[in-house]
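Q: Structure below; questions to follow.
The values are calculated or read from the model by the stated rules, or taken from the named source; none is laboratory data. As the structure is a prediction and not an experimental result, all values here were calculated from the model. Don't worry about glycine lacking a Cβ; one is built from the backbone with ideal geometry, like all the others, and counts go over all protein chains shown.
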Amino acid sequence: MTEPLLTEPQLTEPLLTEPLLRVTDLAVDYKRRRTVARVVENVSFDIVEGETLGLVGESGSGKSTIGNVVLGLVPAAAGAVIFDGEDITHASPKRRRELTSDIQVVFQDPYGSLNPARSIGATLAESLVASDATLTRKEVTARVHESLDTVGMVASVAQRFPTEFSGGQRQRIAIARALIVRPRLVVCDEAVSALDLSIQAQVLNLLDRLRRERSLSYLFISHDIAVIGHLSDHIAVLDRGRIVETGTTAEVIDHPQDAYTRLLLAAAPVPDPAAQKKRREAFRTQRAEYLASTGAVTGLVSTTRL
Ligand SMILES: Nc1ncnc2c1ncn2[C@@H]1O[C@H](COP(=O)(O)OP(=O)(O)OP(=O)(O)O)[C@@H](O)[C@H]1O
């Protein structure tokens, strides 16, 4: 008896969605005079299209360094950064420039990141033209107005200058500048940290709405686990260059498994300044105990003499 012929491909395995960004076994070194400091080691995570990964850790834990590797601003000492299936770990400067239309960044400091001498319209247009030089003047102007509208600002803002705006408004402009090129991934590096709590909430809501409307993905970096919890689908907790816990937001916030995650949760800012002072003091004591229990001497992964 002959085997029946299969007329259609038989799917035996479910189709898996490739992540938009995959970081595997990342290590980063910085040279310091006669030593090399390893500041990030063994860091791996995925970000699926349309999702937000929150990367949380204390100051100096290596969050910005990881964001900067994804942006191509800092080289990887080991490991890989895969964007949409392409290994971009060692992408050429030309390929990196092309990638700026897919991967954008919003930094913490809207005062520093917007050129005070340029009008908002010129700043936004510059970002757009750098990613697509074929656009006509009319198209550029239309896109500038459209991106301002996206962040809730009127078209006449284009004629004005950064100093005329508050911190929250400047951060909206920085978001408009990132989104004008229609990226797929945005690295938000402490994007709301410089803002008052009420303005923080507005900007977080804006980022979340834009993500849903445009199926954007965020690598959302913050030292504040409460801010991270507000926006993230998944959370990775970074301690001295290593990820100590990952999971869905509910898992990490409601059922933290790692002692360091519990420390960060206990230290998350609260609106009452007196209560906040107490929390910070308790955090310092508990952190010193935690460091002693892990035998740590420095905040770095390791240092090697050259
Ligand atoms: N350009 C650099 N050269 C040398 N060391 C650096 C450099 N940039 C950062 N570092 C060191 O690398 C470590 C990680 O820094 P990084 O800025 O990535 O941490 P972070 O978690 O983003 O902290 P913060 O929120 O304060 O920026 C720190 O010890 C920092 O001092």
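Q: Need a quick list: strands (runs of 3 or more DSSP E) entirely within segment 201-301 having at least 3 residues that are under 30 Å from Leu148 (Cβ atoms) and in contact with a strand residue (DSSP E or B) (Cβ under 9 Å, 6 or more places away or on another chain).
A: 217-222
Q: Identify all residues within segment 42-77 that are within 12 Å of Arg240 (Cβ to Cβ), within 14 Å of the chain's Cα centre (by Cα) and in a loop (DSSP other than H, G, I, E, B); write none if there are none.
A: Hits for segment 42-77 are Gly57, Gly62.
Q: Just one of (1) more than 16 Å from the ligand (Cβ to nearest atom); (2) out of contact with any Gly (no Cβ under 9 Å at 6 or more places or on another chain); (3) over 18 Å from Ser217 (Cα atoms) trips up Pro93, so point out which.
A: Going through (1) more than 16 Å from the ligand (Cβ to nearest atom); (2) out of contact with any Gly (no Cβ under 9 Å at 6 or more places or on another chain); (3) over 18 Å from Ser217 (Cα atoms) one by one, Pro93 breaks only (2).
Q: For residues in segment 47-69 being more than 10 Å from the ligand (Cβ to nearest atom) and buried (at least 22 other Cβ atoms within 10 Å of the Cβ), which is farthest from Pro183 (Cα to Cα)?
A: Going through the qualifying residues, I end up with Gly54.
Q: Say we look at segment 185-200 and pick out the residues that are outside any helix (DSSP H, G or I) and more than 16 Å from the ligand (Cβ to nearest atom); which of these is surrounded by the fewest Cβ atoms within 10 Å (Cβ to Cβ)?
A: That would be Asp196.
Q: Given the criterion out of contact with any strand residue (DSSP E or B) (no Cβ under 7 Å at 6 or more places or on another chain), in a helix (DSSP H, G or I) and surrounded by 16 or more Cβ atoms within 10 Å (Cβ to Cβ), identify the matching residue among Ala142, Ala125, Ala130.
A: After applying the criteria, what remains is Ala125.
Q: For Asp25, all conditions in the list (1) more than 16 Å from the ligand (Cβ to nearest atom); (2) in contact (Cβ under 8 Å) with a residue 40 or more places away in the chain; (3) closer than 22 Å to Ile180 by Cα hold save one; what is the number of the exception?
A: Asp25 satisfies every listed condition except (3).
Q: Further, regarding this structure: Criterion first (assigned by TED's automatic domain parsing to the domain that holds Val69, out of contact with any Gly (no Cβ under 8 Å at 6 or more places or on another chain) and at pLDDT 95 or above) does Tyr260 satisfy it? Give the derivation first.
A: Working: assigned by TED's automatic domain parsing to the domain that holds Val69: yes; out of contact with any Gly (no Cβ under 8 Å at 6 or more places or on another chain): yes; at pLDDT 95 or above: no.
The answer is no for Tyr260.
Q: Sticking with this structure for a sec: If you scan segment 70-80, which residues turn out to be touching a Ser or Thr at 6+ places or on another chain (Cβ under 7 Å) and either within 11 Å of the ligand (Cβ to nearest atom) or more than 12 Å from Val43 (Cα to Cα) (or both)?
A: Residues of segment 70-80 that are touching a Ser or Thr at 6+ places or on another chain (Cβ under 7 Å), as a first pass: 74, 76, 79-80.
Val74 - this is the single residue of segment 70-80 that is touching a Ser or Thr at 6+ places or on another chain (Cβ under 7 Å) and either within 11 Å of the ligand (Cβ to nearest atom) or more than 12 Å from Val43 (Cα to Cα) (or both).
Q: Scanning segment 206-224 for residues that are within 16 Å of the ligand (Cβ to nearest atom) and over 19 Å from Pro19 (Cα atoms), which turns out surrounded by the most Cβ atoms within 10 Å (Cβ to Cβ)?
A: It comes out as Ser222.
Q: I've got another one for you. Assess whether Phe83 counts as being away from the ligand (no atom under 16 Å from the Cβ), within 28 Å of Val252 (Cβ to Cβ) and modelled with pLDDT of 90 or more.
A: Working: away from the ligand (no atom under 16 Å from the Cβ): yes; within 28 Å of Val252 (Cβ to Cβ): yes; modelled with pLDDT of 90 or more: yes.
In short, yes.
Q: Under 9 Å between Cβ atoms, which residue pairs at least 6 apart in sequence (or on different chains) link something in segment 204-220 that is over 11 Å from Arg184 (Cβ atoms) with a partner that is exposed (fewer than 15 other Cβ atoms within 10 Å of the Cβ)?
A: From segment 204-220, the pairs are Leu206/Gly152.
Q: Continuing with the same structure: Condition check: in a strand (DSSP E or B), within 10 Å of the ligand (Cβ to nearest atom) and touching a residue at least 12 places away in the same chain (Cβ under 8 Å). Does Val39 satisfy that?
A: yes
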